[in-house]
């Protein structure tokens, strides 16, 4: 069982996620051109900017309020389903603020599942998110450190996202494209993978700095 | 092919188009709050408010139908993307004149998600609100959840808007919107793609000599890709599918809408409508009302949507009621 996560730690993870999306948003939009309208990268960029603001200087002190604000402002990105789902996820995490990171992510996932019936295999962000959180849970339960656990989660998200390449979309706008969606990674799953890679990177940067201090 | 559009910065498209829309219709609409489109003069207290949401880039849909006799507030999203729940909630609060709010939602994943979140929040605030979903695109199959909301929003806005204007209570406005929804069917066809104005990317690909029946509002694939056909043949194929799906019988009265997707000319739309009318006459189906033009577009996409709706006396009366919405003026 890892300790409960602090606001500073989570802010570091958010900074990592934002950096990861910022570096790859053009690639996300390109992926979205295959089965969508090519704006996914721009939407995700706006969403992570909102997350950064909520956790940035001048934001609320406590993690719960930060997450609530973050969820609300990501909902307000007006970027269609992607930003709404991400907003629900972060807003949902607020319910478990004060728990360890796994519990928070699980609460976010539970909130998400109230809004979408999409399951892993449907070629959506769930294909990366669900295995990432499962891997995190498994790592934490196995007694791995927070840094190791986040690394496992990022790896699982990456594998899950990559596996969407061979799936047929069954949710969202892309479902109307049917088999034409095969051969391309789902942009939503790719985003989640990048976010978890960013969480991993952000957390280890933070620990690196602390180690050097 | 390089995109050729008169825009400035891609990130300013929505704000600038809304500005221009409001400035050109000062007596009818205005922008309030976070870029919500509202009537210039709010409705009287004690009447039901009517609100909708939807992505931008489909002008004059959906905000062109805000006005006396139609919508109270519209929540425009980014290009082809639904607005989020926070602004929808703001719109619902604004349109609450004490008799509740009817929320009209077109069936698209992002819109429905935002609408469901909005409904949860509005109910938590104790707001009296009902949501009606339009899903009349028959290319989605037989499951209503898979049928998208296309130009059928127009009669639903008009009829529910007129009922609300008359002072009918929320339950009655909801019922009539649902009745309109159950009695309408749409099918779209595309012959040429549009470019996404923010990214400059084509939203789908279609061969030079092809057309696709069942194409969605954003280039989502349909059911039938085929060689390009003449206006008459295309109208015949599509109308036949619609009449079968709605199970229209001789003697019934229909509202017919031919909606241009953006690059298909009014000339073509009239030629198509001519054939639709001939076929209806041949089947002794009565044309109650007709509307030909651009009500919801997708940039320079070429193609059109054909909608039929079974009408009754009350629906026709409400369809004919006055409206000063910028793109649906009825005197």
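Note the per residue figure in Å³ for the convex hull of the C-alpha positions in segment B:184-311.
92
Rounded to the nearest 10 degrees, what's the angle between the helix A:101-115 long axis and the longest principal axis of chain A, both from Cα atoms, 0 to 90?
For A:101-115 against chain A, the angle is about 30 degrees.
So what's the angle, to the nearest 10 degrees on a 0 to 90 scale, between helix A:63-75 and the longest Cα principal axis of chain A?
Once rounded, the angle reads 20 degrees.
Using a 10 Å cut-off around each Cβ of peptide A:29-37, what is the average number of partner chain Cβ atoms that fall inside?
Partner Cβ neighbours, averaged per residue: 5.
How high is the relative contact order of chain B, in percent, counting Cα pairs under 8 Å that sit 6 or more residues apart?
Once normalised by length, the contact order is 18 percent.
Which percent of the Cα-Cα distances in segment B:1-116 go past 21 Å?
When all Cα pairs of segment B:1-116 are counted, 34 percent exceed 21 Å.
What value, in deg cm²/dmol to 500, does the helix sum -39500 (n - 2.57) over DSSP H runs of n ≥ 4 give at 222 nm once divided by the residues of chain B?
Value at 222 nm, helices only: -10000 deg cm²/dmol.
Fully extended, how many nm does the chain gain between residue B:232 and residue B:286 (0.36 nm per residue separation, minus their Cα-Cα distance)?
Value of the extension gain: 17.5 nm.
Fully extended, how many nm does the chain gain between residue B:210 and residue B:146 (0.36 nm per residue separation, minus their Cα-Cα distance)?
20.6 nm
For segment A:1-78 and segment B:220-286, what is the separation of their C-alpha centers, rounded to whole Å?
46
Once R0 is set to 41 Å, what does the formula 1/(1 + (r/R0)^6) return for the Cβ-Cβ distance between residue B:45 and residue A:62, expressed as a FRET efficiency to the nearest 0.05?
Efficiency at R0 = 41 Å is approximately 0.50.
Which percentage, to the nearest 5, of the DSSP beta bridges contained in chain B is antiparallel?
Of the beta bridges lying entirely in chain B, close to 55 percent run antiparallel.
Computed FRET efficiency, Cβ-Cβ of residue A:6 and residue A:182, R0 51 Å: what is it to the nearest 0.05?
0.75
Starting from the Cα-Cα distance between residue B:12 and residue B:270, subtract it from 0.36 nm times their residue separation and give me the gain in nm to one decimal.
Full extension from residue B:12 to residue B:270 adds 89.4 nm.
What nm distance separates the two modelled labels at residue B:331 and residue B:247, each placed 7 Å from Cα along Cα→Cβ?
With each label point 7 Å from Cα toward Cβ, the separation is 4.3 nm.
When chain B is treated as a GNM, springs tying every alpha-carbon pair under 10 Å, which of B:299, B:201, B:192 comes out with the largest mean-square fluctuation?
The residue with the greatest mean-square fluctuation here is B:201.
Tell me the Rg and the Dmax, in Å, that the Cα atoms of chain A produce.
Computed over the Cα atoms of chain A, radius of gyration and Dmax are 16.1, 54 Å.
Rounded, prolate or oblate: which fits the protein assembly as shown, taking a ≥ b ≥ c as square roots of the Cα gyration tensor eigenvalues, rounded meaning a/c under 1.5, else prolate when a/b beats b/c?
prolate
Under a 10 Å cutoff between Cα atoms, tell me which one of A:188, A:178, A:38 has the largest fluctuation in the Gaussian network model of chain A.
Per the Cα network of chain A with a 10 Å cutoff, A:178 tops the list.
Go ahead and set up a Gaussian network model of chain A, Cα springs under 10 Å, then flag whichever of A:86, A:167, A:129 fluctuates most.
Largest GNM mean-square fluctuation: A:167.
Tell me whether chain B comes out rounded, prolate or oblate; compute the Cα gyration tensor, take square roots of the eigenvalues as a ≥ b ≥ c, and use a/c under 1.5 as the rounded threshold.
Oblate, because a/c is 1.5 or more while a/b does not exceed b/c.
Over all residues in B:191-202, what is the mean tally of Cβ atoms on other chains that come within 10 Å of each residue's Cβ?
Counting other chains' Cβ atoms within 10 Å and averaging over B:191-202 gives 3.
Could you state the angle between the C-alpha long axis of helix A:81-93 and the longest principal axis of the C-alpha atoms of chain A, as a value from 0 to 90 degrees rounded to the nearest 10?
Roughly 30 degrees between the two axes.
Within a 10 angstrom radius of the beta carbon, how do B:270, B:295 rank from fewest other beta carbons to most?
If I rank by nearby Cβ atoms, fewest first, I get B:270, B:295.
Compute the relative contact order of chain A as a whole-number percentage, counting only Cα pairs closer than 8 Å that sit 6 or more residues apart in sequence.
In percent, rounded to a whole number, it is 26.
To the nearest 0.05, how large is the calculated FRET efficiency for residue A:209 and residue A:138 if R₀ is 45 Å and r is the Cβ-Cβ distance?
Using R0 = 45 Å, I get an efficiency of 0.95.
None of the figures in this text is laboratory data; all of them are computed from the coordinates on show. As the structure is a prediction and not an experimental result, all values here were calculated from the model. Heads up, the Cβs are rebuilt from the backbone with ideal geometry, glycines too, and the neighbour counts pull from every protein chain shown.
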